[in-house]
Each structure stands twice: as C-alpha cells, then as structure tokens.
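*Asks:* Dropping a structure here in structure tokens format, bear with me for questions.
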Amino acid sequence: MKKTLIAIPLSITIISCVPQTKYKELEQKYYAALQGESKNKKEIEEKEAELNKLRSQYTSLKEQEEALTKKKEDLDKEYENLQLEYTAKLKDLDDLQKKNAEISNEVKSNLEDKEKLLGDLEQTQTQLKEKIKRINELEGLISQQKEAVSGLKEKLQNALKNYEGKGITVEEKGGNVYVSMENKLLFPSASWTVESEGLNALHELAAVLANDKDLNIIIQGHTDSDKYLGNGNIKDNWDLSVMRATSITRALQNEGVSPTQMTASGRGEYLPIAENSTATGKAMNRRVDIIIAPNLDEITKLLNEL
C-alpha cells in the first residue's frame, strides 16, 4: 500500500514532465509494476497462507509430539513396571523350581523309604508266616502231648484200678500225670523197704511206663512233720524221703523202666498236701509222688525258634 501511494504522485509528476508516448510507456510500465506488485502480494499472501498452514501443521505436530512423548513416558513407565513384574515372576519361578526340586527330592526320599519299608514289611510277613507255621506246628505238638498225657493217665488208671481206695491216686496236673502212693501201701513205719503189696502195684505201674521211652519220670519222697526217730545213717526226714524215693526208683528199674528216664529226689516234710495237725493229714503227707512228664524236646525246639 505504501508503494501505491508513492506511485500516484510520481505518475502525476511524470505526466506533467514527459510526452504522451513516453507517458503511455511509463504508464504501461507502472501498471506492469502494479501487476507485478499485485502478483508479489498474491504470492506473499499465498506464502503467508502456506506459512499459516505450516504453523498449524507444526502446532498439530507439536501437540502430537507432546502426546507421543507423554505416551512414550507412559510406555516407559509401563515397561519399567513390566520389567519389575517380569523380574518378580522370574524370582517366583526360581523359587518354584527350587520348591519343586525340594518336593521332588522329598518324594524320592519318601519313595525310597516306602520301598525299604515295603521290603521290610515283606520280610516281616515272610517271618510272620514262618512263625505262624511254627506256632501251628507247636499247637499241633501240644495237642498231641495233651492227647498222649490223657491217654497215659487213662492207661495208668486202668493198670492200677485194683488199688482204688488203697492209697493210690492218678491225676493230670500241668500237663503231667501224677501217681501218688501213700506210704501205708509201700513202707513200714520209719523204713524205706518196699512191702509186697507195694511191689505189686509198682509192677503194674512199670508195665505201662516201660513201653514209652520218651517219658521223663521224677520220683519224689515226702514225709509228715514228725521228727525222724530211727537209727543208722538216716538223720532226718530229708534223708528218709530220699531213701524211699530211691527204693521206688530201683523197684521200677527192676521192672524194666530205664534208669535214664528216672530221677529220684526227696522233699522231706516241706511239701505237704494236708495239715499235719491230724493223723489223717499226716498219713496223706507220707507219700511218694511219681511225676510222669512227656518229652518236650520238640516243643522246646520250636519255642526257641519262635
């Protein structure tokens, strides 16, 4: 606009100072200049419009850059959080692997223990079966022994039935057979010489015992509590009970009972079966007990194995 205002007075001056042709020429140049100026103005406006557009684009890009920068910051923070979470997960995974390894080792150890326990259990079961077998065998032997003892008792009762009420009793006690013979049947007072009726009873007894070589026979002599008043080498009731037991043992041996099966012993007055305060009680205490026991070697062997 400044150029235009300046140009108008200049044209007036030129018109008054130059010829018409020259004026025309100058006028044409002027308009040409104006057109050029107009063209430059348009270009300027276009440039300004383009600049404004670029500014707008720059502003938009700046905003986008700021938004992207913020987004990047958010993404960086998120990445940092993810990195921390990843590190924590790795640690958890490492802890889990260690825990799994511990559990695996524990399971393996428990499995080995269980396998050992199973082996021990199988061995125990085998041993238990063997023991049950031995127990069954033992029960069978005991049953056989009981039957044998009962059978022996019955045989002895039959053999001595003629002496019922004459001072002989046959009982089964503790798996043994007890033949108790009162001294009135066997010996005179203060003597250890067996009388004839006693020898007859021992003959019947020996006929049963001599047929079974597996029996263990204990002959025990007993007295009452009265003091021994005899003479000779016998000093007291101990000696008298032993001598009477020995006499019975010899009599049985003479009737065929093996001496290796018999043991003679004396108990004196110290194992009474009745009161010594009465004559009847004393008579019962003066006796010889023949204790007949079955051979328990096989049973003892099985018990030792168990």
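The values are calculated or read from the model by the stated rules, or taken from the named source; none is laboratory data. This is a predicted model, so every value here is computed, not measured. Note that we place each Cβ from the backbone using ideal geometry, even for glycine, and neighbour counts take in every protein chain shown. Surface areas here come from the heavy atoms of the whole protein model, side chains and all, with no ligands, DNA or RNA. Shrake-Rupley method; radii C 1.70, N 1.55, O 1.52, S 1.80 Å.
*Asks:* Which one is surrounded by the most Cβ atoms within 10 Å (Cβ to Cβ), of the residues in region 15-25 that are at pLDDT below 75 and not polar (S, T, N, Q)?
*Replies:* Looking at residues that are at pLDDT below 75 and not polar (S, T, N, Q), I get Y23.
*Asks:* Considering I8, I44, I12, which residue is in a helix (DSSP H, G or I), modelled with pLDDT of 75 or more and out of contact with any Lys or Arg (no Cβ under 8 Å at 6 or more places or on another chain)?
*Replies:* I44
*Asks:* Could you pull out every one of the strands (runs of 3 or more DSSP E) wholly within region 141-242 that has 2 or more residues that are without any contact (Cβ under 8 Å) to a residue 60 or more places away in the chain and not β-branched (V, I, T)?
*Replies:* Per the criteria, 168-173.
*Asks:* On the given criteria, is Q127 part of a helix (DSSP H, G or I), in contact (Cβ under 8 Å) with a residue 12 or more places away in the chain and not hydrophobic (A, V, I, L, M, F, W, C)?
*Replies:* no
Conditions tested, residue by residue: (1) under 29 Å from G174 (Cβ atoms); (2) out of contact with any Phe, Trp or Tyr (no Cβ under 8 Å at 6 or more places or on another chain); (3) basic (K, R); (4) open to solvent by less than 90 Å² (accessible area, probe 1.4 Å).
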position	(1), (2), (3), (4)
E80	no, yes, no, no
L84	no, yes, no, no
N105	no, yes, no, no
K108	no, yes, yes, no
R134	yes, yes, yes, yes
Q144	yes, yes, no, no
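Okay, residues lined up against (1) within 20 Å of S180 (Cβ to Cβ); (2) open to solvent by less than 80 Å² (accessible area, probe 1.4 Å):
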| position | (1), (2) |
| --- | --- |
| L202 | yes, yes |
| G221 | yes, yes |
| L229 | no, no |
| W238 | yes, no |
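*Asks:* Yes or no: S104 part of a helix (DSSP H, G or I) and farther than 30 Å from I292 by Cα?
*Replies:* So S104 passes the test.
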